[in-house]
Protein chains: 2
Amino acid sequence: MTTIKEIAQTCGVSVTTVSNVLAGKNKVSPETRQKILDEVKRTGYQPNFMAQGLRGSRTRTVGIIAEDICQFTTPGLLDGIMMQLEEEGYRATIKNLRLYSRWSDRWYDLEEKYRSVFDPAVQELLASRVDGIIHVAGHARVIPVYPRDLEKPVVMAYAYSESAQIPSIVPDDEQGGYSMTKYLLSKGHKRIGVLAGREDNIHSKLRIDGYRKALEETGLSFDPDLLVYANWNKQSGYAQTRQLLKQSPNLSAIFCLSDEMAGGALEYLRDRQIDVPGQISLAGFDNRNLTEYTQPALTSMQLPLIPIGKRSAQILLDKILLDASSAEQSEQVLVERIPCTIVERDSVTSCK
Amino acid sequence: MTTIKEIAQTCGVSVTTVSNVLAGKNKVSPETRQKILDEVKRTGYQPNFMAQGLRGSRTRTVGIIAEDICQFTTPGLLDGIMMQLEEEGYRATIKNLRLYSRWSDRWYDLEEKYRSVFDPAVQELLASRVDGIIHVAGHARVIPVYPRDLEKPVVMAYAYSESAQIPSIVPDDEQGGYSMTKYLLSKGHKRIGVLAGREDNIHSKLRIDGYRKALEETGLSFDPDLLVYANWNKQSGYAQTRQLLKQSPNLSAIFCLSDEMAGGALEYLRDRQIDVPGQISLAGFDNRNLTEYTQPALTSMQLPLIPIGKRSAQILLDKILLDASSAEQSEQVLVERIPCTIVERDSVTSCK
């Protein structure tokens, strides 16, 4: 028996689009519409009327749990999610857990604290009969807080779930580390220092994996003296740049895994009268607003916040539609990684 | 007849605090508690039992309408609101209108566009039976969109309402302009240029009023050649600094009404080989993250986002409690201005 998913795949569109066309909504081009209707006719697909009945009871509202709206990544993720939801005729209700504002970084492993704010927020969303939930994490890690028997679909944005039922949409940190390293190598740099974030952090680990992969591809071996860890912020970037230069005085470029640390590195190099990029090239990560205001302006890596948000919403809507049809199983999207893109400015130059 | 408001005023606490004490909640110090109970006894105050009945039907949830979570001011305002709500045992549900993301700056006067996203959001909040609404504006202006017969109290945060029923909590832009000008005058600057935002903007107008007031107090007259308008962003700051220096080549300081414009000014002065602060002192406004990354680090004016948020929540909760009691009228807080504070960094020095 043909499923709505197969129709969508054959036509190269989303399940939501097929559903919209079948529901008579005019949201696609006439060509796409005709293509879908032709395919429906060809396969003899029968919409699941039981599911359509259920569909009628939906609220077309999605709940969003934001771990903290004050994290710099959150507004962009929310914007992408809502952009996509609105295109499909869905609304959103946002709950803000304020985890970082409340407890700085001393809550990651305190499940009790987490639950004291998370559980009521989920209960309120369920009570208001949302059709599904998107969890917007403040930073990437495994977040195992959703009960397995939750009756609504959930998608994890910017972090990893531990459940096959909850797809995770994350930035491709390894590719980001790899691409920036390849870029620096293409400029002739061979001794590339890395100013990483916290050592136990997934973003750090994967970006370093990408860095090592790019070196190995180029026939360079990994030198542990070229790697130091810091705490993501400017102050720790300043202090650890000193340490990095002590370990590896002959490096020609520093790849900082956050823009704020790059700002600290820049200040340390300026205090030491080391010219950027004349003597040392400097690259950041995150492509925050500040990159346009440093002197020189900072080459960085754009996090795909809007795309992660849009894709999370798309996958959730597909799950909402599929879950309403008992005859179909949703595809097991475990982890989907969205690529990061380099933004070139003035802080990297060719190695002499 | 004594009212709960009078008890609160005599004891120097909020109406919510009195209400909490009368409801037997242990949220205040034993001293405050005793003071309130003594005052209740002294005045013979009788809680309005009808109102308490109504109170029981409340959801203890406040709705927040954010004009755009991607505006840099919004996360801080939301954080302050939720901090205060949680202290009082209330929760929040957020709706994000995405006005700036959707329509850039081409929507201010298009009431039809505004209503197409605003009306459904308010309806959804009312349908979920929130006890009141806080409107978080993306920038200050008069926002006349709430119907007069709305059955729930509303507070306007970061903008002005046109209704006596809707208090407005805003940054004290005039005091911000005044304080920064006084600060520059105290450093010996007498020719102080102003790089303002859009001319029709309330923030621009009030900050310029403050600038003029400070000059007049010091016996200096306002010179129109020292004022140029730009569009808040870096690019326009760069272009209009050129214009300002053409009009007033002998200025010794520039007061920029946004940090991003100050970043543009800094870049223009660097391109012209004019040292900051050696030859020209530079001050910004907003105290954004970027101020710590410019070279030199930028002296700026902190917007009171958390305090505006907290105060908005406090006033809304007072209105929720008072509105439940037909015997009392809520105080007419029309506009409450919260002061801005200077953050000194390295871009201002004494005039030689």
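Ranked by solvent-accessible area (1.4 Å probe, protein heavy atoms only, all chains present), the residues B:LEU126, A:LEU303 order from largest to smallest as B:LEU126, A:LEU303. Could you state the number of Å between the C-alpha centres of segment B:236-306 and segment A:143-218? Answer, in whole Å: 37.
Regarding segment A:119-173, what's the average projected area of the Cα-atom convex hull, expressed in nm²? Mean orientational projected area (segment A:119-173, Cα hull): 3.8 nm². When B:GLU336 is represented by a point 7 angstrom out along its Cα-to-C-beta vector, the spacings to that point in the other copies are 4.5 nm, nearest first. Burial here means at least 20 square angstrom less accessible surface with every protein chain in place than with the chain by itself, probed at 1.4 Å; in segment A:283-303 the buried residues are A:ASN289, A:LEU290, A:GLU292, A:TYR293, A:THR294, A:GLN295.
With all protein chains kept in place, the per residue accessible area of segment B:79-222 amounts to 40 square angstrom at a probe of 1.4 angstrom.
Sorted from nearest, the other copies put their A:SER350 label points 5.0 nm away, the label point being 7 Å from Cα in the direction of Cβ. Counting only DSSP beta bridges with both residues in segment A:213-352, what percent are antiparallel, rounded to the nearest 5? Of those bridges, close to 40 percent are antiparallel. State the antiparallel share, in %, of DSSP beta bridges confined to the protein assembly as shown, rounding to the nearest 5. Given both bridge residues lie in the protein assembly as shown, the antiparallel proportion sits at roughly 10 percent.
Placing unit charges on each Cβ (+1 for Lys and Arg, -1 for Asp and Glu) gives the protein assembly as shown a dipole about its Cα centre, and among A:THR10, B:VAL122, A:ASN201 the Cα reaching farthest toward its positive end belongs to A:ASN201. Going 7 Å from the Cα of A:SER163 along its beta-carbon direction, which residues of segment A:98-142 have the amide nitrogen within less than 11 Å of the resulting point? Inside the label zone: A:133. Of the residues making up segment A:64-84, those losing 30 Å² or more of accessible area when the isolated chain is joined by the remaining protein chains, with a 1.4 Å probe, are A:ILE69, A:CYS70, A:PRO75, A:ASP79, A:MET82.
Largest GNM mean-square fluctuation across B:VAL155, B:VAL62, B:VAL122, computed for chain B with C-alpha springs under 10 Å, falls on B:VAL122. On the basis of the beta-carbon distance and an R0 of 30 Å, B:ASP105 and B:LEU22 show a calculated FRET efficiency of 0.05. Can you give the % of DSSP beta bridges in chain A that are antiparallel, to the nearest 5? Here the share of antiparallel DSSP bridges comes out near 10 percent. Amide H contacts for A:ASP172 (H built 1.01 Å from N in the peptide plane; partners 5 or more residues away or on another chain; cut-off under 5 Å): A:ILE338, A:CYS340.
Only protein heavy atoms count here; on that basis, with a 1.4 Å probe, B:ARG198 has an accessible area of about 60 Å². FRET efficiency for the A:ASP225 to B:ASP271 pair, using the beta carbon distance and R₀ = 41 Å, is estimated at 0.60.
The charge dipole of chain A, taken about its Cα centre with unit charges on the Cβ atoms of Lys, Arg (+1), Asp and Glu (-1) only, comes to about 360 debye. At a Förster radius of 41 Å, what calculated FRET efficiency corresponds to the Cβ-Cβ distance of B:ARG91 and A:LYS41, to the nearest 0.05? In this case the efficiency is close to 0.25. Annotation: amide H of A:VAL348 within the under-5 Å range of A:LEU282, A:THR299, sequence separation 5 or more or interchain, hydrogens built in the peptide plane. Across chain A, Cα pairs under 8 Å and at least six residues apart give a relative contact order of 19 percent. For the interface of chains A and B, what total accessible area is buried with a 1.4 Å probe, rounded to the nearest 100 Å²? It comes to approximately 2800 Å² buried between A and B. A simple spin-label model places the labels of A:LYS352 and B:VAL343 3.7 nm from each other, with each point 7 Å out along Cα-to-Cβ. Just the Cα atoms of segment B:173-303, one point each, no solvent: what log10 I(q)/I(0) does Debye give at q = 0.09, 0.12, 0.14, 0.23 Å⁻¹? The calculated log intensity ratios at q = 0.09, 0.12, 0.14, 0.23 Å⁻¹ are -0.20, -0.36, -0.51, -1.57. Any chance you could check segment A:93-125 for residues losing 10 Å² or more of accessible area when the partner protein chains are in, compared with the chain on its own (1.4 Å probe)? Residues passing the criterion (a loss of at least 10 Å², heavy atoms only) are A:THR93, A:ILE94, A:LYS95, A:ASN96, A:ARG98, A:SER101, A:ARG102, A:GLU124. Pairwise Cα distances in the protein assembly as shown exceed 44 Å in 33 percent of cases. Rolling a 1.4 angstrom probe over chain A with all protein chains present gives an accessible area of which 48% lies on carbon and sulfur atoms. Computed with every protein chain present, the accessible area of A:ARG91 is close to 100 Å² [probe 1.4 Å]. If you take the charge dipole of the protein assembly as shown about its Cα centre, with +1 on Lys and Arg Cβ and -1 on Asp and Glu Cβ, which of B:ASN20, B:GLY80, A:ALA164 is farthest toward its positive end? Highest projection toward the positive end goes to B:GLY80.
Using only side-chain charges placed at the Cβ, +1 for Lys and Arg and -1 for Asp and Glu, the dipole size of segment B:173-303 relative to its Cα centre rounds to 260 debye. By the Cα gyration tensor, segment A:110-151 has an equivalent ellipsoid whose semi-axes, rounded to whole angstrom, run 18, 13, 10 from largest to smallest. Between the helical axis of B:259-271 and the dominant principal axis of chain B, each derived from Cα atoms, what acute angle in degrees is found, rounded to the nearest 10? So the helix axis and the longest Cα principal axis differ by about 10 degrees.
At the residue level, B:TYR45 shows approximately 20 square angstrom of accessible surface with a 1.4 angstrom probe and all protein chains present. Charged side chains reduced to their Cβ positions (Lys and Arg at +1, Asp and Glu at -1) give the protein assembly as shown a dipole of some 140 debye around its Cα centre.
Please grab the % of Cα pairs in chain A that end up more than 32 Å from each other. The proportion of pairs with Cα distances above 32 Å equals 41 percent. Distances, shortest first, from the label point of B:GLN34 to those at the same position in the other copies read 8.6 nm; the point lies 7 Å along Cα to C-beta. Annotation: amide H-H contacts under 5 Å for A:LYS27 (H modelled 1.01 Å from N, sequence separation of 5 or more, or interchain): none.
The values are calculated or read from the model by the stated rules, or taken from the named source; none is laboratory data. Remember, predicted model here, so these are calculated numbers, not experimental data. Cβ sites come from the backbone with ideal geometry, for glycine too, and all protein chains shown count toward neighbours. In case anyone asks, the SASA skips ligands and DNA or RNA and just uses the protein heavy atoms, side chains included. Shrake-Rupley method; radii C 1.70, N 1.55, O 1.52, S 1.80 Å.
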